[in-house]
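The values are calculated or read from the model by the stated rules, or taken from the named source; none is laboratory data. Just so it is clear, the model here is predicted, and its values are computed rather than measured. Counting neighbours? That spans all protein chains shown, and the Cβs are built from the backbone with ideal geometry, glycine included. The protein model used for the area step is the full one, side chains on, heavy atoms only, and it has no ligands, DNA or RNA in it. Shrake-Rupley method; radii C 1.70, N 1.55, O 1.52, S 1.80 Å.
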Amino acid sequence: MSEEFDALVWQGTWDLVQMGLQIKERQKCPVIKPTTIHIVFTIAISQASSIQQLYVNNAFLHGNVEEDLYMAQPTGFIDHNLPHHVCKLKKAIYGLKQAPQAWYTELKHFFLGCGLVNSRSDCSLFIYNNAGIVVYVLVYVDDILITGNSATFISNLIHRLGQKFSLKDLGDLSLFLGIEAIKTSTGLFLSQHRYINDLLQKHKMDGAKPVATPMSTSRLSLQTSSPRLPNGTAYRQLVGSLQYLSLTRLDISFAINKLSQYMHCPTEMHWQAIKRILRYLKNTMFHGLLIRPTSTLALHAFSDSNWAEYRALTAASSELVWVLHLLTELGIHVDAPPVLYCDNVGATYLSSNLVMHSRMKHIAIDLHFICDLVDKKILRVSHIASADQLADGLTKPLSSSRFALLCSKIGIVDGPTILRGRIMETHHATPPIMAQSTTRDIKS
């Protein structure tokens, strides 16, 4: 405690003043978007660029406070000469809700001063693109990733960053936000197997019977008259913990999305359903996301919905436009307009035909939005057979064989050979299975 207090004093964190008024707290610090991470990693792997990892020590203590904020003197460290004074903050401290935003602002001003540009698509991305030198900086609070085509520029940037802040250079990317990043001959493998193992042990599911899919195909609806959980806190915490896996485990996205809709009033059936996800993760603990290099960049998106195909098509179009803007900022040119695949013939036809029926007036804005994008050749909508619809695994429960096939096509691979030497002894429990989904799967 004494060392922490000395660090605050050394930073000039506060002045002792008479009592003042405290203002309302502001928003939290923005963090890098998962899609941005995937895209930048793909660019780096395709260009054989290294990804440097940095950690800022006591990051929040570097942020300057612009408002008038006051706090009581720390217990045990009260000034004997001014015991009734309070601390007027000049810098942010941990526990202050303004601290993340103050730190982000300080870091942003530093990068802008170094000639980098703040992305409009993702405010936690900073880009340098000048005289053939292209460098990307990704920020997640106090974790920083830097990649680009100039080792000299990156080295100088890290040196200047170290002069400004207390910095730890972690070298090449290996562990970021609890995600293991392993370079292989086929790309970059991202795994969260240690996090999954800890999650199973925490909820006493490490000895549970594994299953082959995260959701049962026999129960398509989670609306039920099942008894409510007496305390839904554990359910809500587990949903939040599973959402953290979405960066590498896209295969559980749909299941988590469905169960998160009942966080306000979870029932026993919802609890059994979320335990099934844990049993699926036990069966696929070493699965991860493999990001492969590509020589030519082409964007393909898949849209699917079991209730509102055209609304889903509109949402997918918006995401594609955002990705195109992001790629433009990154200095990446897409040769051909992105292709958006949809297995609904009617929705595909409407995307290029503005002749609307009176019953379609409730989606008129969506119709005009997509048709405008198609007319301007910003994207192209194409029909695809249901058997080739990759979005099925992200929109509905499937059989184990169909689900496994689609997972392999979206980059989810089994990684025991990649993780060899990194797998803890406690992970060796039961071999993975490919059992069919049944109603009995969720009852243990």
Subset of the stretch 58-76 [without any contact (Cβ under 8 Å) to a residue 24 or more places away in the chain and either crowded, with 17+ Cβ neighbours inside 10 Å or among the hydroxyl-bearing types (Ser, Thr, Tyr) (or both)]: Thr75
Failed condition for Ile93, given (1) assigned to a loop (DSSP other than H, G, I, E, B); (2) open to solvent by 30 Å² or more (accessible area, probe 1.4 Å): (2)
Residue ranges of strands (runs of 3 or more DSSP E) in the stretch 143-194 with at least 1 members within 23 Å of Pro100 (Cβ to Cβ): 143-148, 167-172, 179-184
Residue list for the stretch 77-87, restricted to those being open to solvent by less than 70 Å² (accessible area, probe 1.4 Å) and of a type outside the set (A, V, I, L, M): Phe77, Asp79, Pro83, His85, Cys87
Of all residues in the stretch 128-142 being open to solvent by 40 Å² or more (accessible area, probe 1.4 Å) and outside any strand (DSSP E or B), the one that is nearest to His38 (Cα to Cα): Gly132
Filter result for Ser295 (of a type in the set (S, T, N, Q) and at pLDDT 90 or above): no
Asn118, sole failed condition from (1) open to solvent by less than 50 Å² (accessible area, probe 1.4 Å); (2) in contact with a Cys (Cβ under 9 Å, 6 or more places away or on another chain); (3) not basic (Lys, Arg): (2)
Within the stretch 308-333, tally of residues that are in a loop (DSSP other than H, G, I, E, B), surrounded by 13 or more Cβ atoms within 10 Å (Cβ to Cβ) and modelled with pLDDT of 90 or more: 2
Ala347 open to solvent by 30 Å² or more (accessible area, probe 1.4 Å) and either free of Cβ contacts under 8 Å to residues at least 40 places away in the same chain or at negative phi (or both): no
Any hit, the stretch 105-127, residues being touching a strand residue (DSSP E or B) at 6+ places or on another chain (Cβ under 9 Å), assigned to a loop (DSSP other than H, G, I, E, B), farther than 19 Å from Gln52 by Cβ and among the β-branched types (Val, Ile, Thr): no
Matching option when the condition is at pLDDT 80 or above, of a type outside the set (D, E, K, R), out of contact with any helix residue (DSSP H, G or I) (no Cβ under 8 Å at 6 or more places or on another chain) and over 30 Å from Ser191 (Cβ atoms), among Val413, Val345: Val345
Qualifying residue in the stretch 151-168 (condition: among the hydrophobic types (A, V, I, L, M, F, W, C), under 20 Å from the mean Cα position of the chain (by Cα) and surrounded by 13 or more Cβ atoms within 10 Å (Cβ to Cβ)): no
Residues of the stretch 195-223 classified as open to solvent by less than 70 Å² (accessible area, probe 1.4 Å), in a loop (DSSP other than H, G, I, E, B) and closer than 26 Å to Ile179 by Cβ, total: 9
